Amino acid sequence: MPTIDQLRAEAADCKRCDLWRNATQTVFGEGPPHADLVLVGEQPGDKEDKAGEPFVGPAGRVLDEALARAGIDRAGVYLTNVVKHFKWEPRGKVRIHKTPTARERGACRPWLDAELAALQPKVLVCLGATAATTLLGRDFKVSQRRGQLVDSPLAPHVLATVHPSSVLRGPEEERAINLDLLVDDLEVAASVL
Ligand code: URA
């Protein structure tokens with residue numbers, strides 16, 4: 001079975017779909033190769049695309065804060081995304097995130113499956129609807145089942161929560177409560193680690 005480093009090297013040249021054309025680079029998962037906890041987001045954003053690392057932009061800062069408050073050390077976590085290239089469209093000078101299609105998610109899926117096979121995590125957390133519906137089924141509703149442990153062959157303990165960027169997108173006056181709720185869900189993950 002390929003190691004995470006071997007997979008990362010292979011994925012660097014990935015052309016399974018067309019997203020590589022407008023992206024700077026493949027942003028593969030990152031973290032210890034034997035991490036017990038794996039977090040899966042949607043796709044790299046603008047900052048991640050440039051840096052080549054997942055969750056280093058604004059959503060990553062929210063995630064860092066939530067992980068710290070849940071007592072989880074980010075350095076011990078493997079962070080990855082369903083889709084490994086940044087999908088965007090121009091709006092003026094800014095590159096705006098576009099949600100990847102089912103075809104693009106499917107094209108990228110072998111990388112995520114290979115990561116999970118190599119990592120064999122004890123706990124898997126889906127961050128947001130793209131990760132949750134990709135990994136837990138098309139009909140999975142994060143709004144109804146967030147923070148609940150669900151049965152899945154993917155890992156002994158699996159749950160979904162919102163994407164950290166939703167905390168930033170929501171109304172300013174709801175940010176603190178939405179962050180608290182994200183922390184609550186990550187505490188559930190911490191409790192089964
Ligand atoms: N959003 C994601 O889903 N993943 C990242 O790596 C950054 C932002």
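In the calculated pair distance distribution of the stretch 73-185, what percentage of Cα-Cα distances lie above 23 Å?
Roughly 35 percent, rounded to a whole number.
If I build a Gaussian network model for the chain, linking alpha-carbon pairs within less than 10 angstrom, which residue out of ALA75, ALA160, ALA118 has the largest mean-square fluctuation?
Ranking ALA75, ALA160, ALA118 by mean-square fluctuation puts ALA75 first.
Quick one: compute a quarter of the convex hull surface over the Cα atoms of the stretch 1-109 and quote it in nm². Present the calculation step by step, with values, prior to reporting the outcome.
Numbers: hull surface 28.9 nm².
Over every viewing direction, the Cα hull of the stretch 1-109 projects on average to 7.2 nm².
What number, in nm² with one decimal, is the all-direction average of the projected area of the convex hull of the alpha-carbon atoms of the stretch 65-125?
Result: 5.9 nm².
Using a 10 angstrom cutoff on alpha carbons, build the Gaussian network for the chain and name the most mobile of PRO54, PRO33, PRO44.
The residue that fluctuates most here is PRO33.
Can you tell me the mean projection area, over all orientations, of the convex hull of the chain's alpha carbons? Units nm², please.
Average projection, Cα convex hull of the chain: 10.4 nm².
Mind running the shape call on the stretch 99-164? Use the C-alpha gyration tensor, a ≥ b ≥ c as the square roots of the eigenvalues: rounded below 1.5 for a/c, prolate if a/b tops b/c, oblate otherwise.
Values: a/c = 1.94, a/b = 1.06, b/c = 1.83.
Cα axes put the stretch 99-164 in the oblate bin.
Of the listed pairs LYS15/LYS50; LYS50/LYS122; LYS47/LYS141; LYS15/LYS141; LYS98/LYS141; LYS50/LYS87, which have alpha-carbon separations greater than 24 Å here?
LYS50/LYS122; LYS47/LYS141; LYS15/LYS141
Using helices alone, I'd like the mean residue ellipticity at 222 nm for the chain: each DSSP H run of four-plus residues gives -39500 (n - 2.57), total over residue count, nearest 500.
Values: 8 runs with 79 residues, N = 193.
For the chain, the value works out to -12000 deg cm²/dmol.
The numbers here are math on the coordinates, done by the rules we state, and not lab data. No experiment lies behind these values; they were computed from the predicted model shown.
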